[in-house]
Amino acid sequence: MKVTEHFEKADGKTLISFEVLPPLKGGSMSGIFKTLDPLMEFKPPFVDVTYHREEYIYQQHASGYYEKTAIRKRPGTVGICAALMHKYGVDAVPHLICGGFKVAETENALIDLNFLNINNVLALRGDAMEFEKHFSPTEGGHKYAVDLVTQIKKMNEGIYLDTNIENGSKTEFCVGVAGYPEKHFESPNLETDLKYLKDKVDAGADYIVTQMFFDNSKFFAFVDACRKIGINVPIVPGLKPLTKGYQLKSIPRMFYINMPDDLVSEVQKASDPKMIKEIGIEWCTAQSKELKEYGVPCLHYYTMGDAKSFQRIAKAVF
Ligand code: FAD
C-alpha cells in the first residue's frame, strides 16, 4: 500500500513510522531486526530504509602505492526493504538518491523495486562526497531531487528513458521528498528553499518528511509557510531524541539545525550520561505529544539502532 493511502486510511489519526540504516558491509540483518522487533508492537504501517552512496578510500598495495577505490559501506537497501515486507508485513520505503547514479541506473533500480512490489520511495539528492566541497552530480545523473521525482512520475505514466518503448507498463510509485523546517544548509534562506520544495511537489511528490528538529515551533512555522505557497501534501515530522551530551554539538554540525535554549541548559546542567538520556527522551516525548495533538499524519522516528529509547517514547505517546 502507498504511504499516502495509509494516511488516508488513518482518517486523521497520527501514525508512527521508523527509519533504519543498512548495516555496514559484512554485517547481518540481525541488528535491524533487533531494532525493529520491539517496535513492531506500535504497528508502523511503513518503515524507511536509508541509502548510502559510495565513498572513496585509499588502499595500500604491497608495492607501497595507494589506489583510490570506491566502496559502498552500507549496501543492501533494496534487499532490506524486501526482507522487512516479508518478515513484518509492513510497507517499506527505500530511499533513492541522485548522487552516484546515472539516470539509466536509477531507472533499472526503479524497475527492480516495481517487480518486488515496493511502490513507495523517498526521492533525495544526497550529499556531497566527503572530499567534495559541494554536491556535484554524477555524469549522466540528476542534479536535484526534483529531477528524480520527475523521472519516477514519468514511469508512473509508462514513460521510460528508451523512447522506443511503447505502452510501457505504468509503475505506481508514491513519492516522498525531504523538507527542512530550519532550511537546507545550502539554501540562502527559507523562502528560496521552500520554492524548490514546491517544485518537488509540483513535479508530483506525494508527501514530505522533514529533517529532525528539536523545537516544534520551527515545524509549525514551516507547515504554515508551506501551506501559504500552495504546498498541500501531507508533511511528516522526522524526530530523534538527543541521548548523549556530545550531540549538543554534533547534531547541529551534521544536520544544520539549532538546539533550543531550554534543552541546551538542561543537558548542560545534567551531571551524568543517564540523566542526559532521560532529558533527551522526555524532550522527544513532549515534542511527539504536541505534534500528535496538532494532528500530524505520522511521527517518523530516526531509530539509528536505538530501539529502547523509541520504545519508551512510543509507549508514552501512542
Ligand atoms: P534537493 O531537494 O535537490 O535540494 C538540495 C539543495 O538544492 C537545497 O538547498 C535546495 O534549496 C536547492 N535546490 C533544489 N532545486 C534547485 C534548483 N532547481 N536550483 C537551485 N537550487 C535548487 N541522504 C542520503 O544520502 N541517504 C538517505 O537515505 C537520506 N535520507 C534522508 C531523509 C530525510 C527525511 C532527509 C530530510 C534527508 C535525507 N538525506 C539522505 C540527506 C539529503 O540527501 C541531503 O540533505 C541533501 O543535501 C539534500 O537532499 P534533497 O533531496 O533535500 O535535495
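Quick note: the coordinates plus some simple rules give every number you see, no bench work behind them. These figures come from a predicted structure and were not determined experimentally. Here Cβ is always computed from backbone atoms with ideal geometry, including for glycine, and neighbour counts include all displayed protein chains.
Values computed for the structure shown
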| read-out | value |
| --- | --- |
| Nonlocal amide H pairs with Glu55, under 5 Å, H built at 1.01 Å | Ile71, Arg72, Lys73 |
| Interchain or long-range residues, amide H under 5 Å from Asn120's placed H | Cys174 |
| Estimated 222 nm signal from helices in the chain, with DSSP H stretches of n ≥ 4 weighted -39500 (n - 2.57), rounded to 500 | -12500 deg cm²/dmol |
| Shape of the stretch 3-317, Cα gyration tensor, a/c cut at 1.5 | rounded |
| Label-to-label distance, nm, for residues given as Phe318 and Met40 (7 Å Cα→Cβ offset) | 1.4 |
| Efficiency of FRET between Asn164 and Glu5 - r from beta-carbon atoms, R0 35 angstrom, step 0.05 | 0.55 |
| Under the Karplus curve 6.51 cos²θ - 1.76 cosθ + 1.60, θ = phi - 60°, whole-Hz ³J(HN,Hα) for the stretch 34-46, x wherever Gly or Pro sits | 5, 6, 7, 3, x, 8, 5, 4, 8, 6, x, x, 8 |
| Ranked list, fewest to most other Cβ atoms within 10 Å of each Cβ, for Tyr66, Tyr302 | Tyr66, Tyr302 |
| In nm, spacing of pseudo-spin labels at Ile111 and Ser136 (7 Å Cα→C-beta vector) | 3.0 |
| Listed residue (His142, Gly204, Ser169) projecting farthest to the positive dipole end of the stretch 127-252, Cβ model | Gly204 |
| Which of His95, His300, His184 has the fewest Cβ neighbours within 10 Å, and the rest in rising order | His184, His95, His300 |
| Part-to-part distance (alpha-carbon centres) for the stretch 1-78 and the stretch 109-141, which is given in Å | 14 |
| Gain in span if fully extended, Gln311 to Glu157, counting 0.36 nm per residue against the direct Cα distance | 51.4 nm |
| The chain: relative contact order as a whole-number percent, Cα under 8 Å and 6+ apart | 19 |
| Which listed pairs, of Lys43/Lys315; Lys277/Lys308; Lys183/Lys240; Lys183/Lys269; Lys43/Lys87; Lys153/Lys240, have C-alpha distances above 21 Å, in listed order | Lys183/Lys269; Lys153/Lys240 |
| Formal net charge of residues neighbouring Gly31 (Cβ-Cβ distance under 15 Å; K, R +1; D, E -1) | +3 |
| Counting DSSP beta bridges with both ends in the chain, the antiparallel % (nearest 5) | 20 |
| Label-point separation, His184 to Asp199 (7 Å along Cα→Cβ), nm | 0.8 |
| Normalised contact order of the stretch 181-303, rounded percent, pairs of Cα under 8 Å and 6 or more residues apart | 30 |
| Per-residue Cβ neighbour rank within 10 angstrom, fewest leading, Glu182, Glu139, Glu278, Glu41 | Glu139, Glu41, Glu278, Glu182 |
| Residues Arg253 and Thr192, FRET efficiency given R0 of 35 Å [Cβ-Cβ distance, rounded to 0.05] | 0.95 |
